[in-house]
Structures are given as C-alpha cells and as structure tokens.
Amino acid sequence: MSEVTNTPAAQIDSIMNTYQRFPVTFVKGKGSYIWDDTGKRYLDFTSGIGTCNLGHVPNSVKNAVEAQLQELWHCSNLYHIPAQQKLADLLTSNSFGDQVFFCNSGAEANEGAIKLARRYAQKVKGTDAFEVVTFQRSFHGRTMATLTATGQSKIQDGFGPLVPGFRYLPYNSVEALSEILTPQTCAVLLELTQGEGGVVPAKKDWLQQLVAICKENDILLMVDEVQTGMGRTGKLFAYEHYGIEPDVLTLAKGLGSGLPIGAIVAKGEVAEAFGPGTHGTTFGGNPIVATAGVATLTELVETDVVQQAGELGAYLADQLQELAEDYPAQVKEIRGIGLMQGIVTEGLAIDVLNEAREQHNVLLLVAGPNVVRLLPPLTTTQSEIDQVINVLKTIFANQTEGGKSL
Ligand SMILES: *Cc1c(COP(=O)(O)O)cnc(C)c1O
C-alpha cells in the first residue's frame, strides 16, 4: 500500500479535480523556455496563460522581488505600502485612470468592478440602476458574480441561482446594440479581444458605436483587460488600439509576471463611489506582488518590448495566415491581435496541442474546442516564431497524410 500512496498519482488525488492536467510536471523556467522534471526543455507559447509576459523568471522582476523578500512581505492595507503607491502612480500615469484598487486575481478585479459600477449608479448618481451588460462567449472569472457575467453556460452549469442583474448581447453585433439600454443598465463590461471564448477581436466600428451609446447615456464602459493588457496586443492596453477611453479597466494576468496581483483602474469620479470600508482585501497589492508589478510595468514602459511585441505579433499573424493558405482543409481562420493569436481548426485543437507538446516540445493553448491559441512571451523572437510555425506545418501536413481531419 505504501508503494501506491507514494506515487505522483496518489498525490494528485489530494487536489480537487478542477483541471484536466496534461501529464507533465514543470520545475524550471527562463525566458521563452520551461523545463520538466526529466530535464526536457519546451518552447512555451502559453506564458502560463498570458501571464509571464516578460518570459519566465525575468531578471528585473526577480531582482526586485528578491530584494523585497529581505525587507517585508505583508502588513495589510491598513497601512501605506510604498510599492503599491508606486504601481498605482505608474498605472494611472500610463492610462486614462486616476485611481487604482489592488486585488489578487482577474476574477476579483472584475468582481470589484461590478461592485464599483453598482455603487456608482446608486450612491453617486442616485439611481436604482444595477444591471451590467456583458457579451456571449465572454469570460470574466469564476466567482459567483463573474461567472454570471461570463456569457458561457458551461461555466455557469450547476452553480445556480446566478447573481441577478446581468444581460448578454451577441459580441460584434451592431444590430444588438439597440438592446444595451434599459432603465436599469449601469455598465457594460467587455473584453476587447475575447480570450477564452475563442480569440475574437472586437470590430472597431461596433466598439465605437457601443462606446458612443455608453457616453451619451452615462453608462460605465468597463474593459476587462485581464488577458489583453500589459503589452499583450502590442500596446500597453488594448483600448489604445481603438482610440476609446473606458471608465474602468481591470487587469491581472500579466501585471505581476506570474505573481498573483490584480487591479481595478478607474476614473476619479467613478472611483469616488468606493469610500473607506466599502471594499477590501487582505492580501491585495501586498509588498511582494506590488514590487513584482512595479518591476514588470517599468520594463514595459521604459523599454521597447511592447512595440516589439506589436511587430512580432504582426509577423506571427502573417506567418499563420500563410499556414492557413497552405492547409485550407485543416485551418479555417486566423484571428487575433498582437501576440494573442488564434488558429480556428477544422479538427480538435487539443490534438494539435498534444502533438506539439509530445512530438515537438512546444506548448500551446486552446480557446474552445476548435481554436488553438498562441500567447508567447512579449520577449519572444522571430526565430522562435519560425520554429513554432514549422511545428504547426508538420502537424497539419501529418493530418493531411493521415487523413485525420479531411
Ligand atoms: C483569465 C481571465 C479572467 C480571470 O482571471 P483569474 O485570475 O483566473 O481570476 C478574467 N477575465 C479575462 C478576460 C481573463 O482572460
């Protein structure tokens, strides 16, 4: 029996079965590469789901966090935290926002944004509006309010009753824009490129019309940039591509380079709705994670890494487009922005992932059953992109010969 309890499988049993994990254990990362416990090296085009935007264990963040580890880890938000103040200053000076609330994850940032929108409507504007409009196939998190905000029934299944006050419209539909407003509507919450829902960029015309409706009717425009933010799309924030100004921005994934930190960035008049005691978190923006955030954001704004990400993203998109032309029976569409690209496949995306990982030591993601998603670090290179394109070519060519997805 002791033999059995000492196997890795027995250890995995003590973790709840919420992830269908791939049979790999990673123990080390540097830059675009990650190593498993047998010493095998993989080219990582997932960045820990769009989180390690500067690559694994980037020196600038590592050094800053190591120094902070010597000084103070946690003191709670009852006191001033210098790194948190610095990160808030950096976020507001590099965005439309005036004030920031720090939390621990993307779901928590969106949860807080939903609370902020309701409180702004009720306490600042003095209305009884509470409804938040979101979109079909969106993803906003796994807490009760954010899974309700998420326009995917598979995320909500078995968790009812859901939180009241959400309504879903089709994404990118100009016709449906007439349905945004009801007397109860207080905010619109959306991703500017839907990530988990299949890598679907917002159409410019549609978004500009949506923004105009929000502005004319004093409805808050809240952009969930948990995945698109922090340079991912070739701008620091994706909203910059559209020439729009949101009222609220949520961040997490790339903000701490892999340390857990999220943020709500808001315009001053909106942020005013949160006074002392209205919202809080014990860990949010603690000295360690805030230090990681400062080092990450400093690197993003003081070097040309974001601009390079935009150029590399355009190169990746071009290469993928060629691939789609070469393998029309396997690849239906390429879509995305910057270093957030999706390959819509005829066959199952998971088959491509498994082959890339097992045969070619390349890590990719899915975004739904038929979309292969690529989220390389912003620090990737043209030659790494070429490697991944070649791997994809091999995989799609094999599918042609094997007749798997013809
Ligand atoms: C990942 C993600 C979230 C949830 O973030 P967590 O840190 O997992 O809670 C929310 N919104 C978007 C757009 C995301 O990609």
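Would you tally the net charge around Gln382, using a Cβ to Cβ cut-off of less than 12 Å, leaving Gln382 out, and scoring K and R as +1, D and E as -1? Summing Lys/Arg as +1 and Asp/Glu as -1 gives -4.
Taking the average, over residues, of other Cβ atoms within 10 Å as the packing measure, peptides 83-91, 336-344 rank 336-344, 83-91 from highest down.
Membrane-span-like helices in the chain (whole DSSP H runs, Cα extent of at least 18 Å along the helix axis, mean Kyte-Doolittle hydropathy of at least -1.0): 106-119, 204-217, 287-302, 305-326, 382-402. Taking 0.36 nm per residue of separation and subtracting the Cα-Cα distance, full extension of the segment from Asn63 to Gln307 would add 85.4 nm.
Considering only beta bridges that DSSP places wholly inside the chain, some 65 percent are antiparallel.
Measuring max minus min along each principal axis, the C-alpha atoms of the range 59-302 give extents of 55, 37, 37 Å (largest first).
Net charge in the neighbourhood of Gly195 (other residues with Cβ under 15 Å of its Cβ; Lys, Arg +1, Asp, Glu -1) is +2. Given the C-alpha centroids of the range 129-151 and the range 238-273, what is the distance between them in whole angstrom? About 17 Å separates the Cα centre of the range 129-151 from the one of the range 238-273. Comparing Thr46, Thr25, Thr127 in a Gaussian network model of the chain, where Cα atoms under 10 Å apart are tied by springs, the biggest mean-square fluctuation is seen for Thr25.
What whole-number distance in Å separates the alpha-carbon centres of the range 297-320 and the range 162-222? Cα centres, the range 297-320 to the range 162-222: 28 Å. Note on the chain: GNM, Cα springs under 10 Å; of Asp224, Asp304, Asp386, the largest mean-square fluctuation is that of Asp304. Net charge in the neighbourhood of Glu179 (other residues with Cβ under 15 Å of its Cβ; Lys, Arg +1, Asp, Glu -1) is -1. Pairs of Cα atoms nearer than 8 Å and 6+ residues apart set the relative contact order; for the range 59-302 it is 32 percent. Protein heavy-atom surface of the chain, 1.4 angstrom probe: 52% of the accessible area is carbon and sulfur, with nucleic acids and ligands not counted. Straight Cα distances below 29 angstrom link Lys154 to the lysines Lys115, Lys203, Lys204, Lys253, Lys332, Lys404, with same-chain residues fewer than 8 positions distant left out. Kindly state, to the nearest 0.05, the FRET efficiency for Lys86 paired with Arg21, given R0 = 45 Å and r defined as their beta-carbon distance. The formula returns an efficiency of 0.75 here.
Amide H contacts under 5 Å for Gln194: Val200, Ala202, restricted to partners 5 or more places along the chain or on a different chain, H placed in the peptide plane at 1.01 Å from N. Largest mean-square fluctuation among Thr228, Thr282, Thr51, in a Gaussian network model of the chain whose springs join Cα atoms under 10 Å apart, belongs to Thr282.
If the segment from Asp98 to Thr282 were pulled out straight at 0.36 nm per residue, it would be longer than the present Cα-Cα gap by 64.0 nm.
Relative to one another, the C-alpha centroids of the range 46-100 and the range 330-394 are positioned 30 Å apart. Stretching the chain fully between Ser153 and Arg357 yields a gain of 70.5 nm (0.36 nm per residue, less the alpha carbon separation).
The values are calculated or read from the model by the stated rules, or taken from the named source; none is laboratory data. What you see is a predicted model; the values in this text were computed from it and never measured. Positions of Cβ are generated from backbone atoms using ideal geometry, with glycine treated the same way; all protein chains shown enter the neighbour counts. Heads up: the accessible areas ignore ligands, DNA and RNA and are worked out on the full protein's heavy atoms, side chains in. Shrake-Rupley method; radii C 1.70, N 1.55, O 1.52, S 1.80 Å.
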